[in-house]
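J.: Got a structure for you, written out below as structure tokens; questions coming shortly.
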Amino acid sequence: MIRILKDLSKRILNSLFGRKEDIKLGFYGPPNAGKTSLANVICKDWTGEDIGKVSDVPHETRHVQVKEKVEIDYKGKKLTFKIADTPGIATKVDYEDFLKYKMNKGTAKKRAKEATQGIIESIKWLDDMDAIIVVLDASQNPYSQVNITVVGNIVARKKPVLIVGNKIDLRKANLKKIEAAFPDYEVVGISARKKKNMDDFYEALFRLAKKI
């Protein structure tokens, strides 16, 4: 009850005087969907620095990466974010998946263990986020068990969500499938690699912030 009253007071003060603190924005999704690529574009645009390393190897991001004080000034509107780029969530991590990337067995097993720990860390951080960006690969099946798990965990915590269909530059990309899979959420299509439709993304991001 005390926590509910504190949250209510916080929302009232924010609405009256404007949000004083940074909005904690979490980037979630399956491995290799483009979470870090998108976070890098945003951080590079507004801070001049990347947030993390991008790789074709799944689970490259093994710990939550944070960039403080990312102030976005877009079309006369300003918001400051604390961006958290999280490790990709998977329902199963098998060390054999890493062997195809020319890793030896020992290294592959180590990476699999780190990936599993990263998934646990990602879920733990959900509770501390104000809003969530779910990044999905628009060329892949949106009805996968991983995607349902990611969105289900977020829904359970009643967090404001924006779904980003990344990689729309690929021939197999199908944004309408993502919209059909998650009809209760706004979906915006981008290509982080080519910085395509970033204006649409920023418009959607500011709409998301109003839901907090």
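J.: Given C-alpha coordinates of segment 24-209, what is the ratio Rg to Rh with the Kirkwood estimate of Rh? List each step's numbers first, then the result.
T.: Values: Rg = 15.8 Å, Rh = 16.6 Å.
My calculation puts Rg/Rh at 0.95.
J.: What size of dipole, in debye to the nearest 20, comes out for the chain about its Cα centre when the only charges are +1 on Lys and Arg C-beta atoms and -1 on Asp and Glu C-beta atoms?
T.: Numbers: 41 positive and 28 negative charges, 28 e Å.
Dipole size: approximately 140 debye.
J.: Return the subset of Lys44/Lys105; Lys69/Lys158; Lys92/Lys210; Lys67/Lys159 for which the Cα-Cα distance in this structure is over 29 Å, preserving the input order.
T.: Violating the 29 Å Cα-Cα cut-off are Lys44/Lys105; Lys92/Lys210.
J.: Taking N as the number of residues in segment 120-162, what value does Rg over Cα atoms divided by 2.2 N^0.38 Å take?
T.: Details: Rg = 10.7 Å, N = 43, 2.2 N^0.38 = 9.2 Å.
The reported ratio for this selection is 1.16.
J.: Okay, next question. Name the long-range amide H neighbours of Gly189: under 5 Å, sequence gap of 5 or more, or other chain; modelled H, no Pro or chain starts.
T.: It is Gly165, by chain and number.
J.: From the backbone phi of segment 68-73, what are the Karplus-calculated ³J(HN,Hα) couplings (6.51 cos²θ - 1.76 cosθ + 1.60, θ = phi - 60°) in whole Hz, Gly and Pro given as x?
T.: Couplings: 7, 6, 8, 8, 9, 10 Hz.
J.: Under the Karplus relation 6.51 cos²θ - 1.76 cosθ + 1.60, θ = phi - 60°, what is the ordered set of whole-Hz ³J(HN,Hα) values for segment 192-204, x standing for Gly and Pro?
T.: Along segment 192-204, the couplings run 5, 4, 9, 6, 8, 6, 5, 4, 4, 4, 5, 4, 5 Hz.
J.: Taking 8 Å as the Cα distance limit and 6 or more residues as the minimum spacing, I'd like the relative contact order of segment 24-209 as a percentage.
T.: It comes to 22 percent, rounded to a whole number.
J.: Give me the angle, in degrees from 0 to 90, between the Cα long axis of helix 145-156 and the longest principal axis of the Cα atoms of the chain, rounded to the nearest 10.
T.: Once rounded, the angle reads 20 degrees.
Quick note: the coordinates plus some simple rules give every number you see, no bench work behind them. Every value quoted in this text rests on a predicted model; they were computed, and no experiment measured them. Here Cβ is always computed from backbone atoms with ideal geometry, including for glycine, and neighbour counts include all displayed protein chains.
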